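Inspection log for the structure reproduced underneath, given as C-alpha cells.
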Amino acid sequence: MKTVIHVNQHVIRANKKKGENNPVITCKNYKSNTYAHEAIILDANGEEVARVVYRPNKPLPCGAHVWIETQHEVKTNNDEEYNQTCEAMDRLTNQTQDIWNEVTYEYT
C-alpha cells in the first residue's frame with residue numbers, strides 16, 4: 001500500500017508562534033491520515049529503514065526541526081548511477097511510445 005509522508009509547514013509555524021507542540025508529520029494512505037511527531041519507515045520484514053523526526057525543542061545544529069534519519073545508504077539524483085537509470089528509463093519510454101505510434105498509425 002502506498003503511503004505519502006507529508007510535513008505540514010503551517011503547523012510548524014503555528015507551533016512556533018503559539019508555543020504549542022502539535023504533530024506536523026502526516027502519513028497518508030487510501031484509508032486514513034495519521035498525525036505524528038515521528039514516522040518510522042519499515043521494510044517488508046518489519047525492520048526500520050528510516051525515520052522522519054520532528055523535534056522543535058531539540059533541533060539539529062543547522063536549525064532544522066524536521067529531518068529524516070537512516071542507517072542505510074542514500075542515493076540522490078546527483079548520483080551518476082541514478083542519472084544513468086533515469087536516462088535508460090527515458091529511452092525505454094521513448095522507444096515504447098515510438099512503437100505505439102507506429103502500431104496506432106498502421107491501424108488508422
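Could you check region 50-77 and list, in sequence order, the residues that are of a type in the set (Lys, Arg) and part of a strand (DSSP E or B)? Correct list: 51 only.
Among the residues in region 36-45, are any at pLDDT below 95, surrounded by 10 or more Cβ atoms within 10 Å (Cβ to Cβ), assigned to a helix (DSSP H, G or I) and out of contact with any Phe, Trp or Tyr (no Cβ under 9 Å at 6 or more places or on another chain)? Scanning region 36-45 turns up no residue that is at pLDDT below 95, surrounded by 10 or more Cβ atoms within 10 Å (Cβ to Cβ), assigned to a helix (DSSP H, G or I) and out of contact with any Phe, Trp or Tyr (no Cβ under 9 Å at 6 or more places or on another chain). For region 1-40, a residue qualifies if it is hydrophobic (A, V, I, L, M, F, W, C) and under 14 Å from residue 57 (Cα atoms), and the qualifying residues are 12, 24. Scanning region 15-62 for residues that are of a type in the set (Phe, Trp, Tyr) and either outside the structural domain of residue 1 (by TED's automatic domain parsing) or under 25 Å from residue 74 (Cβ atoms) (or both) yields a total of 1. Within region 1-22, restricting attention to residues that are touching a Lys or Arg at 6+ places or on another chain (Cβ under 9 Å) and β-branched (Val, Ile, Thr), the residue that is surrounded by the most Cβ atoms within 10 Å (Cβ to Cβ) is 5.
The values are calculated or read from the model by the stated rules, or taken from the named source; none is laboratory data. If you're wondering where the values come from, they're calculated on a predicted model, not measured in any experiment. We place every Cβ from the backbone using ideal geometry, glycine too, and count neighbours over all the protein chains shown.
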